[in-house]
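Asker: Attaching a single structure in C-alpha cells format; questions to follow.
The values are calculated or read from the model by the stated rules, or taken from the named source; none is laboratory data. What you are looking at is a predicted structure, and each value in this text was computed from that prediction instead of being measured. A quick note on method: Cβ atoms are made from the backbone with ideal geometry, for glycine too, and the neighbour counts reach across all protein chains shown.
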C-alpha cells in the first residue's frame, strides 16, 4: 500500500520531469526549425478492455461489445522528424454508452444505464541512437495522460442508485521504438515503453507491419496498453486495452 506522502513525492518528481521534457522539446525545435518531415496515422484499434476493480472483481469487455455500444471514437498518431530527432503524439478518444432492461426474481424490472468516456494521450521526444540504411532504433522520454469518466445508473422496482467515477492520470514514460526494412515495400515496426507517476506502473508494447503503396502506407499489428495501481480512481485498480489494429499512414 503506497502512503499519501509517497504519492506526493512521486507527483513532485513527475512535475519536475515534465518541466525537463518541455525544455527538451523547446531546445530541439529551436535547433532544427527547417527540414522537418511529418507522418500522420489514422487507425482502428480492435481492443478489448480488461482490468480489476478496487473490490477485486475482474473487468473483461470484448471489442464487439465496445463497438456495439460505441457513440463516438477517434484514434490517430502524428510524428515530426528532423534528422535523428523526433517528436510524436498518439491520441485515443472513446465514448461508449449502453441501456439494458431485464427482470430479477419474480418479474421485478431492472434497468441499467452505463456510459464510459475515455481519453488517452501519449507523447515523447526521441533520438535515433542506432541507424543504418535499412533500420533505426530510437530511445525516447515522454508522458502519458489518461482521463476516464464512468457513470452507471441502476433502477430496481422503483428504487435507483448511481455510481460515478471521474479521474485523470499523468505518468512519465521512457521507451524504445524502431523500424527495419524487410524489402522495398515491407517494414517491421516495434515499440515498448514503461513508466510511473499517478499510477504505480504503466507500460505499452506494440508490433506492426507496414506495406507501402504509391501515396500511402497500410499499417497493421497488435498492441497492449496497461496501467496498474490507479491511485486516483475510486472504482478501478488496474486497467488495460489489448488487441489488433489497422490503419492508413500518410507522409507530408
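Asker: In this structure, is residue 115 assigned to a strand (DSSP E or B), modelled with pLDDT under 90 and surrounded by 16 or more Cβ atoms within 10 Å (Cβ to Cβ)?
Answerer: yes
Asker: Sticking with this structure for a sec: Only one of 225, 230 is closer than 23 Å to residue 145 by Cβ, crowded, with 19+ Cβ neighbours inside 10 Å and modelled with pLDDT of 95 or more. Can you tell me which?
Answerer: Sole residue among the options that is closer than 23 Å to residue 145 by Cβ, crowded, with 19+ Cβ neighbours inside 10 Å and modelled with pLDDT of 95 or more: 225.
Asker: Within the range 66-89, track down each residue that is loosely packed, with under 14 Cβ neighbours inside 10 Å, at pLDDT 85 or above and part of a strand (DSSP E or B).
Answerer: Within the range 66-89, 74 is the sole residue that qualifies.
Asker: For the range 39-65, which residues satisfy the criterion of being at pLDDT 90 or above and exposed (fewer than 12 other Cβ atoms within 10 Å of the Cβ)?
Answerer: Result: no residue meets the conditions.
Asker: Could you please find all residues in the range 155-194 being over 20 Å from the mean Cα position of the chain (by Cα), within 25 Å of residue 133 (Cα to Cα) and either surrounded by 14 or more Cβ atoms within 10 Å (Cβ to Cβ) or at pLDDT below 85 (or both)?
Answerer: Within the range 155-194, 179, 180, 181, 187, 188 meet the criteria.
Asker: Within the range 231-242, identify whether any single residue is in contact with a strand residue (DSSP E or B) (Cβ under 6 Å, 6 or more places away or on another chain), over 22 Å from residue 120 (Cβ atoms) and in contact (Cβ under 8 Å) with a residue 12 or more places away in the chain, and answer yes or no.
Answerer: So far as the range 231-242 goes, no, none of its residues is in contact with a strand residue (DSSP E or B) (Cβ under 6 Å, 6 or more places away or on another chain), over 22 Å from residue 120 (Cβ atoms) and in contact (Cβ under 8 Å) with a residue 12 or more places away in the chain.
Asker: If you don't mind, another one. Against the conditions (1) at pLDDT 95 or above; (2) within 22 Å of residue 119 (Cβ to Cβ); (3) surrounded by 19 or more Cβ atoms within 10 Å (Cβ to Cβ), where does residue 206 fall short? Just the number, please.
Answerer: Of everything listed in (1) at pLDDT 95 or above; (2) within 22 Å of residue 119 (Cβ to Cβ); (3) surrounded by 19 or more Cβ atoms within 10 Å (Cβ to Cβ), residue 206 misses just condition (3).
Asker: Looking at (1) in a strand (DSSP E or B); (2) modelled with pLDDT under 95; (3) under 30 Å from residue 250 (Cα atoms); (4) over 21 Å from the mean Cα position of the chain (by Cα), can you tell me which one residue 102 breaks?
Answerer: Failed condition: (3).
Asker: If you take the residues of the range 33-65 that are under 24 Å from residue 206 (Cβ atoms), part of a loop (DSSP other than H, G, I, E, B) and touching a residue at least 60 places away in the same chain (Cβ under 8 Å), which of them is farthest from the chain's Cα centre (by Cα)?
Answerer: The selected residue is 46.
Asker: Please go through the range 178-207 and pick out each residue that is farther than 28 Å from residue 232 by Cβ and in contact with a strand residue (DSSP E or B) (Cβ under 7 Å, 6 or more places away or on another chain).
Answerer: Correct list: 178, 179, 180, 181, 182, 185, 186, 187, 188, 189, 190, 207.
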